Amino acid sequence: MKAEHRQGWLFVSPWVIGFALLTAGPMLYSLYLSFTSASLLSPPQWLGLENYRRLAADPLFYRSLGNTAAYAAMGVPAGLLLSLGLALLLNAPVRGLGFFRTLFFLPSVTNTVALSLLWLWLLNPEFGLLNAGLRACGLAGPLWLQSEAWAKPALVLMSLWTAGGQAVIFLAALQGVPRELTEAAAIDGAGPVRRFFAITLPMISPALLFNLIMGLVGALQVFTQAFVMTGGVQPGSEGGPNQATLFIVLYIYKKAFQEFDMGYASALAWALFVLITGCSALAFRLARERVHYESEAA
(Lines give C-alpha, C1' and ligand atoms only; values in the text may rest on other atoms or scores of the structure.)
Protein backbone atom coordinates (compact mmCIF):
# COMPACT_ATOMS: atom_id res chain seq x y z
CA MET A 1 0.00 0.00 0.00
CA LYS A 2 2.86 2.37 0.79
CA ALA A 3 4.33 1.70 -2.65
CA GLU A 4 0.98 2.64 -4.22
CA HIS A 5 0.96 5.87 -2.21
CA ARG A 6 4.45 6.72 -3.38
CA GLN A 7 3.50 6.02 -6.98
CA GLY A 8 0.39 8.14 -6.63
CA TRP A 9 2.34 11.09 -5.25
CA LEU A 10 4.93 10.60 -7.99
CA PHE A 11 2.29 10.86 -10.69
CA VAL A 12 0.65 13.96 -9.20
CA SER A 13 3.94 15.61 -8.23
CA PRO A 14 4.23 17.73 -11.43
CA TRP A 15 0.83 19.29 -10.69
CA VAL A 16 1.56 19.68 -6.97
CA ILE A 17 4.92 21.34 -7.64
CA GLY A 18 3.41 23.57 -10.31
CA PHE A 19 0.53 24.57 -8.03
CA ALA A 20 2.88 25.34 -5.13
CA LEU A 21 5.34 27.38 -7.20
CA LEU A 22 3.04 29.06 -9.72
CA THR A 23 -0.27 29.46 -7.87
CA ALA A 24 -0.17 29.01 -4.09
CA GLY A 25 3.20 30.73 -3.66
CA PRO A 26 2.30 33.88 -5.65
CA MET A 27 -1.09 34.04 -3.93
CA LEU A 28 0.50 34.04 -0.47
CA TYR A 29 3.09 36.59 -1.57
CA SER A 30 0.35 38.86 -2.95
CA LEU A 31 -1.44 38.56 0.39
CA TYR A 32 1.72 39.83 2.08
CA LEU A 33 2.07 42.62 -0.48
CA SER A 34 -1.50 43.76 0.19
CA PHE A 35 -0.31 44.92 3.63
CA THR A 36 2.67 46.86 2.24
CA SER A 37 3.48 49.83 0.03
CA ALA A 38 5.16 47.59 -2.54
CA SER A 39 5.90 48.83 -6.03
CA LEU A 40 7.95 47.52 -8.91
CA LEU A 41 10.55 50.21 -8.23
CA SER A 42 11.17 49.97 -4.47
CA PRO A 43 11.16 47.31 -1.73
CA PRO A 44 7.88 46.82 0.18
CA GLN A 45 7.27 48.66 3.44
CA TRP A 46 4.72 47.38 5.96
CA LEU A 47 1.49 49.43 6.11
CA GLY A 48 -0.87 47.12 7.95
CA LEU A 49 -4.50 47.60 6.89
CA GLU A 50 -3.89 50.92 5.17
CA ASN A 51 -4.47 49.54 1.65
CA TYR A 52 -7.79 48.06 2.72
CA ARG A 53 -8.86 51.34 4.34
CA ARG A 54 -7.93 53.08 1.10
CA LEU A 55 -9.92 50.50 -0.86
CA ALA A 56 -13.03 51.09 1.25
CA ALA A 57 -12.89 54.83 0.41
CA ASP A 58 -11.93 54.49 -3.28
CA PRO A 59 -14.77 55.58 -5.61
CA LEU A 60 -13.08 53.94 -8.62
CA PHE A 61 -13.11 50.60 -6.78
CA TYR A 62 -16.88 50.83 -6.33
CA ARG A 63 -17.25 51.99 -9.91
CA SER A 64 -15.28 49.00 -11.19
CA LEU A 65 -17.21 46.68 -8.87
CA GLY A 66 -20.53 48.01 -10.18
CA ASN A 67 -19.41 47.67 -13.80
CA THR A 68 -18.29 44.09 -13.19
CA ALA A 69 -21.54 43.19 -11.40
CA ALA A 70 -23.62 44.70 -14.20
CA TYR A 71 -21.64 42.80 -16.83
CA ALA A 72 -22.07 39.54 -14.91
CA ALA A 73 -25.79 40.16 -14.35
CA MET A 74 -26.31 40.56 -18.10
CA GLY A 75 -23.77 38.10 -19.46
CA VAL A 76 -24.16 35.03 -17.24
CA PRO A 77 -27.94 34.47 -17.69
CA ALA A 78 -27.76 35.31 -21.40
CA GLY A 79 -24.85 32.90 -21.89
CA LEU A 80 -26.65 30.09 -20.02
CA LEU A 81 -29.86 30.52 -22.02
CA LEU A 82 -28.07 30.69 -25.37
CA SER A 83 -25.76 27.75 -24.68
CA LEU A 84 -28.67 25.61 -23.43
CA GLY A 85 -30.67 26.48 -26.53
CA LEU A 86 -27.72 25.59 -28.75
CA ALA A 87 -27.26 22.29 -26.91
CA LEU A 88 -30.93 21.40 -27.44
CA LEU A 89 -30.58 22.13 -31.15
CA LEU A 90 -27.30 20.20 -31.42
CA ASN A 91 -28.90 17.24 -29.66
CA ALA A 92 -31.52 16.88 -32.38
CA PRO A 93 -31.10 13.99 -34.86
CA VAL A 94 -30.26 15.89 -38.07
CA ARG A 95 -27.77 15.35 -40.86
CA GLY A 96 -24.34 16.97 -40.55
CA LEU A 97 -24.61 17.20 -36.77
CA GLY A 98 -20.87 16.76 -36.25
CA PHE A 99 -20.14 19.71 -38.53
CA PHE A 100 -22.54 22.00 -36.69
CA ARG A 101 -21.18 20.96 -33.29
CA THR A 102 -17.65 21.78 -34.44
CA LEU A 103 -18.79 25.06 -35.98
CA PHE A 104 -20.40 26.30 -32.78
CA PHE A 105 -17.54 25.13 -30.56
CA LEU A 106 -14.67 26.70 -32.55
CA PRO A 107 -15.16 30.32 -31.34
CA SER A 108 -14.70 29.20 -27.72
CA VAL A 109 -11.13 28.06 -28.43
CA THR A 110 -10.19 31.12 -30.49
CA ASN A 111 -7.71 33.57 -28.99
CA THR A 112 -9.56 36.29 -27.07
CA VAL A 113 -7.36 39.08 -28.46
CA ALA A 114 -8.13 37.96 -32.02
CA LEU A 115 -11.85 37.86 -31.20
CA SER A 116 -11.63 41.32 -29.66
CA LEU A 117 -10.04 42.74 -32.81
CA LEU A 118 -12.72 41.08 -34.94
CA TRP A 119 -15.51 42.50 -32.80
CA LEU A 120 -13.92 45.95 -32.88
CA TRP A 121 -14.69 45.90 -36.59
CA LEU A 122 -18.14 44.36 -36.17
CA LEU A 123 -19.10 46.98 -33.57
CA ASN A 124 -17.70 50.00 -35.41
CA PRO A 125 -20.59 52.49 -35.57
CA GLU A 126 -19.63 53.79 -39.03
CA PHE A 127 -18.61 50.77 -41.10
CA GLY A 128 -19.18 47.82 -38.77
CA LEU A 129 -21.18 44.83 -39.97
CA LEU A 130 -23.79 45.06 -37.20
CA ASN A 131 -24.73 48.67 -37.87
CA ALA A 132 -24.63 48.03 -41.61
CA GLY A 133 -27.23 45.30 -41.12
CA LEU A 134 -29.36 47.60 -38.96
CA ARG A 135 -29.18 50.36 -41.57
CA ALA A 136 -30.27 47.88 -44.23
CA CYS A 137 -33.38 47.27 -42.10
CA GLY A 138 -34.03 51.00 -41.76
CA LEU A 139 -32.79 51.22 -38.18
CA ALA A 140 -30.17 53.53 -36.70
CA GLY A 141 -27.40 51.54 -35.05
CA PRO A 142 -26.03 52.55 -31.63
CA LEU A 143 -22.52 53.79 -30.99
CA TRP A 144 -21.70 50.53 -29.17
CA LEU A 145 -18.27 50.88 -27.52
CA GLN A 146 -18.31 54.66 -27.94
CA SER A 147 -21.48 54.97 -25.86
CA GLU A 148 -21.65 54.73 -22.07
CA ALA A 149 -25.07 53.07 -22.27
CA TRP A 150 -24.08 50.50 -24.93
CA ALA A 151 -20.47 49.67 -24.01
CA LYS A 152 -21.25 46.89 -21.52
CA PRO A 153 -24.07 45.37 -23.64
CA ALA A 154 -21.64 45.34 -26.57
CA LEU A 155 -19.12 43.32 -24.56
CA VAL A 156 -21.91 40.99 -23.37
CA LEU A 157 -22.94 40.49 -27.00
CA MET A 158 -19.36 39.59 -27.85
CA SER A 159 -19.21 37.10 -24.95
CA LEU A 160 -22.17 35.20 -26.43
CA TRP A 161 -19.97 34.39 -29.43
CA THR A 162 -18.19 31.78 -27.27
CA ALA A 163 -21.34 30.14 -25.89
CA GLY A 164 -20.40 26.95 -27.72
CA GLY A 165 -18.06 25.96 -24.89
CA GLN A 166 -20.90 25.84 -22.38
CA ALA A 167 -23.14 24.25 -25.01
CA VAL A 168 -20.80 21.25 -25.20
CA ILE A 169 -21.19 20.71 -21.43
CA PHE A 170 -24.97 20.91 -21.75
CA LEU A 171 -24.88 18.60 -24.75
CA ALA A 172 -23.01 15.94 -22.79
CA ALA A 173 -25.57 16.22 -19.99
CA LEU A 174 -28.50 16.02 -22.41
CA GLN A 175 -27.13 12.83 -23.91
CA GLY A 176 -27.09 11.32 -20.41
CA VAL A 177 -30.84 11.84 -19.90
CA PRO A 178 -32.50 8.37 -20.15
CA ARG A 179 -34.77 8.24 -23.19
CA GLU A 180 -37.17 5.87 -21.43
CA LEU A 181 -38.11 8.67 -19.00
CA THR A 182 -39.06 11.13 -21.71
CA GLU A 183 -40.80 8.43 -23.73
CA ALA A 184 -42.83 7.34 -20.70
CA ALA A 185 -43.81 10.96 -20.03
CA ALA A 186 -44.84 11.38 -23.67
CA ILE A 187 -47.02 8.29 -23.45
CA ASP A 188 -48.64 9.77 -20.33
CA GLY A 189 -49.53 12.87 -22.35
CA ALA A 190 -46.79 15.30 -21.31
CA GLY A 191 -45.88 17.81 -24.03
CA PRO A 192 -42.35 18.87 -24.99
CA VAL A 193 -42.34 21.87 -22.63
CA ARG A 194 -43.62 19.81 -19.69
CA ARG A 195 -41.07 17.06 -20.40
CA PHE A 196 -38.26 19.61 -20.51
CA PHE A 197 -39.07 21.25 -17.16
CA ALA A 198 -40.14 18.06 -15.35
CA ILE A 199 -37.49 15.63 -16.62
CA THR A 200 -34.73 17.14 -18.75
CA LEU A 201 -33.93 20.23 -16.68
CA PRO A 202 -33.68 18.40 -13.32
CA MET A 203 -31.53 15.70 -14.93
CA ILE A 204 -29.04 18.23 -16.35
CA SER A 205 -29.05 20.47 -13.24
CA PRO A 206 -25.45 19.48 -12.26
CA ALA A 207 -24.24 20.72 -15.67
CA LEU A 208 -26.34 23.85 -15.21
CA LEU A 209 -24.70 24.53 -11.84
CA PHE A 210 -21.24 23.91 -13.29
CA ASN A 211 -21.82 26.30 -16.19
CA LEU A 212 -23.31 28.87 -13.80
CA ILE A 213 -20.26 28.81 -11.52
CA MET A 214 -17.76 28.87 -14.39
CA GLY A 215 -19.67 31.62 -16.18
CA LEU A 216 -19.89 33.69 -12.99
CA VAL A 217 -16.17 33.31 -12.23
CA GLY A 218 -15.30 34.19 -15.84
CA ALA A 219 -17.58 37.25 -15.85
CA LEU A 220 -16.15 38.58 -12.59
CA GLN A 221 -12.64 38.28 -14.08
CA VAL A 222 -13.41 39.90 -17.46
CA PHE A 223 -10.34 41.75 -18.66
CA THR A 224 -9.02 41.12 -22.17
CA GLN A 225 -12.04 42.47 -24.04
CA ALA A 226 -12.06 45.74 -22.10
CA PHE A 227 -8.28 46.04 -22.29
CA VAL A 228 -8.14 45.62 -26.07
CA MET A 229 -11.42 47.21 -27.14
CA THR A 230 -11.96 50.19 -24.83
CA GLY A 231 -8.61 51.92 -24.55
CA GLY A 232 -7.15 49.93 -21.69
CA VAL A 233 -3.80 49.83 -23.47
CA GLN A 234 -3.37 53.57 -23.04
CA PRO A 235 -1.94 54.70 -19.66
CA GLY A 236 -4.42 56.98 -17.95
CA SER A 237 -7.41 55.52 -19.77
CA GLU A 238 -10.27 54.69 -17.43
CA GLY A 239 -11.95 51.97 -19.48
CA GLY A 240 -14.30 53.16 -22.20
CA PRO A 241 -16.61 56.18 -22.23
CA ASN A 242 -17.04 57.65 -18.75
CA GLN A 243 -15.44 54.57 -17.13
CA ALA A 244 -18.29 52.37 -18.41
CA THR A 245 -15.99 49.37 -18.93
CA LEU A 246 -13.61 49.90 -16.04
CA PHE A 247 -13.92 46.35 -14.70
CA ILE A 248 -12.21 45.37 -11.49
CA VAL A 249 -9.47 43.25 -13.12
CA LEU A 250 -8.71 46.09 -15.52
CA TYR A 251 -8.48 48.41 -12.51
CA ILE A 252 -6.10 45.97 -10.80
CA TYR A 253 -3.94 45.91 -13.94
CA LYS A 254 -3.82 49.71 -14.08
CA LYS A 255 -2.78 50.01 -10.45
CA ALA A 256 -0.16 47.26 -10.70
CA PHE A 257 1.46 47.78 -14.11
CA GLN A 258 0.70 51.37 -15.08
CA GLU A 259 0.94 53.10 -11.70
CA PHE A 260 3.27 50.47 -10.15
CA ASP A 261 1.18 50.44 -6.96
CA MET A 262 1.58 46.71 -6.39
CA GLY A 263 0.52 46.79 -2.73
CA TYR A 264 -2.85 48.39 -3.46
CA ALA A 265 -3.33 46.19 -6.52
CA SER A 266 -2.79 43.12 -4.33
CA ALA A 267 -5.44 44.38 -1.92
CA LEU A 268 -7.83 44.83 -4.85
CA ALA A 269 -7.02 41.31 -6.06
CA TRP A 270 -7.82 39.82 -2.66
CA ALA A 271 -11.07 41.77 -2.52
CA LEU A 272 -11.94 40.18 -5.87
CA PHE A 273 -10.95 36.76 -4.52
CA VAL A 274 -13.31 37.19 -1.55
CA LEU A 275 -16.08 38.33 -3.93
CA ILE A 276 -15.68 35.33 -6.23
CA THR A 277 -15.51 32.91 -3.32
CA GLY A 278 -18.61 34.42 -1.72
CA CYS A 279 -20.63 34.38 -4.95
CA SER A 280 -19.62 30.77 -5.65
CA ALA A 281 -20.51 29.68 -2.12
CA LEU A 282 -23.87 31.44 -2.38
CA ALA A 283 -24.60 29.74 -5.70
CA PHE A 284 -23.78 26.32 -4.21
CA ARG A 285 -25.97 27.00 -1.18
CA LEU A 286 -28.96 28.19 -3.22
CA ALA A 287 -28.62 25.22 -5.59
CA ARG A 288 -28.29 22.61 -2.84
CA GLU A 289 -31.96 21.55 -3.04
CA ARG A 290 -32.36 22.27 -6.75
CA VAL A 291 -29.52 20.19 -8.17
CA HIS A 292 -30.27 16.52 -8.55
CA TYR A 293 -27.52 13.92 -8.87
CA GLU A 294 -28.05 10.40 -10.18
CA SER A 295 -26.48 8.85 -7.08
CA GLU A 296 -28.97 10.69 -4.88
CA ALA A 297 -31.86 9.60 -7.09
CA ALA A 298 -30.66 5.99 -6.85
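When the residues of the stretch 29-47 are narrowed to those that are small (Gly, Ala, Ser) and in a loop (DSSP other than H, G, I, E, B), which ends up modelled with the lowest pLDDT? Only one residue tops the list, namely Ser42. Residues in the stretch 154-175 that are surrounded by fewer than 18 Cβ atoms within 10 Å (Cβ to Cβ) and closer than 18 Å to Tyr71 by Cβ: Leu160, Trp161.
The sole residue among Arg95, Arg101, Arg135 that is closer than 23 Å to Met214 by Cβ and of a type in the set (D, E, K, R) is Arg101.
Filter the stretch 122-139 down to residues that are loosely packed, with under 15 Cβ neighbours inside 10 Å and either within 14 Å of Thr162 (Cβ to Cβ) or out of contact with any helix residue (DSSP H, G or I) (no Cβ under 7 Å at 6 or more places or on another chain) (or both), then give me how many there are.
From the stretch 122-139, those loosely packed, with under 15 Cβ neighbours inside 10 Å are 126-127, 129, 132-139; that's our starting set.
Narrowing the set further to residues that are either within 14 Å of Thr162 (Cβ to Cβ) or out of contact with any helix residue (DSSP H, G or I) (no Cβ under 7 Å at 6 or more places or on another chain) (or both) leaves 126-127, 132-139.
The total comes to 10.
Residues that are surrounded by 11 or more Cβ atoms within 10 Å (Cβ to Cβ) and either farther than 16 Å from Trp270 by Cα or not aliphatic (A, V, I, L, M) (or both) within the stretch 48-57 comprise Glu50, Asn51, Tyr52, Arg53, Arg54, listed in sequence order.
Look through Trp9, Trp15 and report the one residue that is surrounded by 10 or more Cβ atoms within 10 Å (Cβ to Cβ) and either at pLDDT 95 or above or in a helix (DSSP H, G or I) (or both). Step through it out loud before you land on a result.
Working: Trp15 fails: surrounded by 10 or more Cβ atoms within 10 Å (Cβ to Cβ).
On inspection, the qualifying residue turns out to be Trp9.
Criterion first (modelled with pLDDT under 95, of a type outside the set (D, E, K, R) and within 30 Å of Ala267 (Cα to Cα)) does Leu103 satisfy it? Quick ask: steps written out before the conclusion?
Working: modelled with pLDDT under 95: yes; of a type outside the set (D, E, K, R): yes; within 30 Å of Ala267 (Cα to Cα): no.
Considered against the rule, which asks whether it is modelled with pLDDT under 95, of a type outside the set (D, E, K, R) and within 30 Å of Ala267 (Cα to Cα), Leu103 comes out as no.
The values are calculated or read from the model by the stated rules, or taken from the named source; none is laboratory data. Just so you know, these numbers come straight off a predicted model, no measurement behind them. Glycine also receives a Cβ, built like all others from the backbone with ideal geometry; neighbour counts cover every protein chain displayed.
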